[in-house]
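Asker: Take a look at this one; I'll ask things after.
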Amino acid sequence: MTVIPGLVRRAAAEAERHLRVGVGALVKVGRDLERSAELGRLLPAYLERVATLEQAVREQDAELRTIRTELDSLVGQLNDRLLPRIDERMDDTERDLAAVATSLIRTGRDTAGNRTRLEAAERRLGDLRTKVAQLEQRTGLWRDLQSTVARFGDDLDAMRARMALRAAEPPPADASPAPVQNITDRPA
């Protein structure tokens with residue numbers, strides 16, 4: 001009866017294979033339990049670090065809000081002090097220039113007295129044109145400054161939006177924890 005010992009050997013080999021698979025599963029479960037216990041010990045430290053980071057982000061948000069308020073106030077003050085009626089003054093100056101030019105054409109240039117007055121008026125006209133050019137240049141500089149300050153305020157808003165506080169969620173139990181970075185460790 002050689003059939004029965006062959007069956008016994010195959011049954012024994014199959015039982016041995018099942019035992020090895022079972023032992024492997026037990027070892028894997030043991031490792032997972034050790035890892036879970038280690039993660040359980042580390043969880044309070046991670047929660048404390050998250051709370052510290054949240055507090056730092058809140059403080060930075062408050063500082064950014066203060067800066068934004070100061071920038072808005074600065075822009076308002078600059079507008080109130082530097083730009084009132086600047087366009088009206090430029091229009092008035094252009095009208096004055098047109099009036100001077102019109103009066104010069106009407107007076108004629110045939111006498112020496114008229115010629116002297118004409119030269120003085122032309123010098124005055126040149127001075128007025130220079131002042132208009134300077135005023136236009138200053139206006140352009142002011143408008144550039146105002147747009148730069150406004151862009152800076154928008155950049156602050158965008159930065160604050162990127163740093164918005166998020167609810168701290170514990171990592172999934174089967175995921176390995178990612179290292180926590182301090183705000184100062186962040187790349188610029």
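The values are calculated or read from the model by the stated rules, or taken from the named source; none is laboratory data. The shown structure was predicted, so the numbers you read here are calculated from the model rather than taken from an experiment. Cβ: placed from backbone, ideal geometry, glycine included. Neighbour counts: every protein chain shown. Note: accessible area is taken over every heavy atom of the protein model, side chains too, but ligands, DNA and RNA are not part of it. Shrake-Rupley method; radii C 1.70, N 1.55, O 1.52, S 1.80 Å.
Asker: Would you please name the residue that is least open to solvent (accessible area, probe 1.4 Å), looking only at residues in segment 135-153 that are under 24 Å from residue 64 (Cα atoms) and of a type in the set (Val, Ile, Thr)?
Answerer: 149
Asker: Please find, among 93, 116, the residue that is modelled with pLDDT under 85, assigned to a helix (DSSP H, G or I), loosely packed, with under 13 Cβ neighbours inside 10 Å and of a type in the set (S, T, N, Q).
Answerer: 116
Asker: Another question, then. Name the pairs whose Cβ atoms lie under 9 Å apart, with the first residue in segment 50-63 and touching a residue at least 12 places away in the same chain (Cβ under 8 Å), the second in a helix (DSSP H, G or I) and loosely packed, with under 14 Cβ neighbours inside 10 Å, and 6 or more positions between them or separate chains?
Answerer: Here the result reads 53/183; 56/183; 57/183; 60/183, each pair linking segment 50-63 to a residue that is in a helix (DSSP H, G or I) and loosely packed, with under 14 Cβ neighbours inside 10 Å.
Asker: Mind telling me which of the residues 39, 53, 64, 47 ends up being more than 31 Å from the chain's Cα centre (by Cα) and either within 30 Å of residue 163 (Cβ to Cβ) or surrounded by 11 or more Cβ atoms within 10 Å (Cβ to Cβ) (or both)?
Answerer: Just one listed residue meets the conditions, 39.
Asker: Continuing with the same structure: If residue 77 meets every condition in (1) within 30 Å of residue 151 (Cα to Cα); (2) touching a residue at least 60 places away in the same chain (Cβ under 8 Å); (3) among the polar types (S, T, N, Q) apart from one, which number is that one?
Answerer: Single failed check for residue 77: (2).
Asker: Looking at residue 43, is it aliphatic (A, V, I, L, M) and at pLDDT below 80?
Answerer: yes
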